[in-house]
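Below is one structure; the comments refer to it alone.
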Amino acid sequence: TFQHYFKRINLSMGDEEKKDAGDKNDHRRLHSFPLIRHSDMAEEMRTETMELCVTACEKFASSNEAASKMIKENMDKKFGSSWHVIVGEGFGFEITYETKNLLYMFFGGSVAIAVWKCS
């Protein structure tokens, strides 16, 4: 049924992250590693997706658009089509997605990455 196959989620940067974003140097130093905020992916898929996100963000540090394009193209090849990606700072989102296909993480300070599948 529709309820079991799709799930709706509303996530945004919380007050704690907004407060910490003020001091970028400390924030980047504390969060220079990938930090998964929410995920319902299987362990193997989550690990591969997280590594792909880190690689893309390091390779395209000055272009969030290029990083998101790289992540999307690789996810489409590895796990089938209909993947969507947002890479950026200070955004909120409400999406409908296929269950077991969502990753929301932070990397390199205040850069957030949302990856989900929906057909």
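The values are calculated or read from the model by the stated rules, or taken from the named source; none is laboratory data. Predicted model only: the values in this text are computed from it and were never measured. Virtual Cβ from ideal backbone geometry, glycine too; neighbours counted across all protein chains shown. SASA here: full protein model, heavy atoms, side chains in, ligands and nucleic acids out. Shrake-Rupley method; radii C 1.70, N 1.55, O 1.52, S 1.80 Å.
Kindly indicate whether residue 55 is under 11 Å from the mean Cα position of the chain (by Cα) and either at pLDDT below 95 or polar (S, T, N, Q) (or both).
Working: under 11 Å from the mean Cα position of the chain (by Cα): no; either at pLDDT below 95 or polar (S, T, N, Q) (or both): yes.
No: the conditions fail for residue 55.
Test of understanding: among 24, 18, 7, 77, which residue is open to solvent by 50 Å² or more (accessible area, probe 1.4 Å), of a type outside the set (Gly, Ala, Ser) and at pLDDT 95 or above? Walk me through it before giving the result.
Values: 24 fails: at pLDDT 95 or above; 18 fails: at pLDDT 95 or above; 7 fails: at pLDDT 95 or above.
Step by step, each of 24, 18, 7, 77 is checked, and only 77 is open to solvent by 50 Å² or more (accessible area, probe 1.4 Å), of a type outside the set (Gly, Ala, Ser) and at pLDDT 95 or above.
Given the criterion farther than 12 Å from residue 34 by Cβ and of a type in the set (Val, Ile, Thr), identify the matching residue among 111, 85.
On the way: 111 fails: farther than 12 Å from residue 34 by Cβ.
From the options 111, 85, the qualifying one is 85.
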Count of the range 78-96 residues which are among the β-branched types (Val, Ile, Thr) and either touching a helix residue (DSSP H, G or I) at 6+ places or on another chain (Cβ under 6 Å) or farther than 16 Å from residue 40 by Cα (or both) = 3
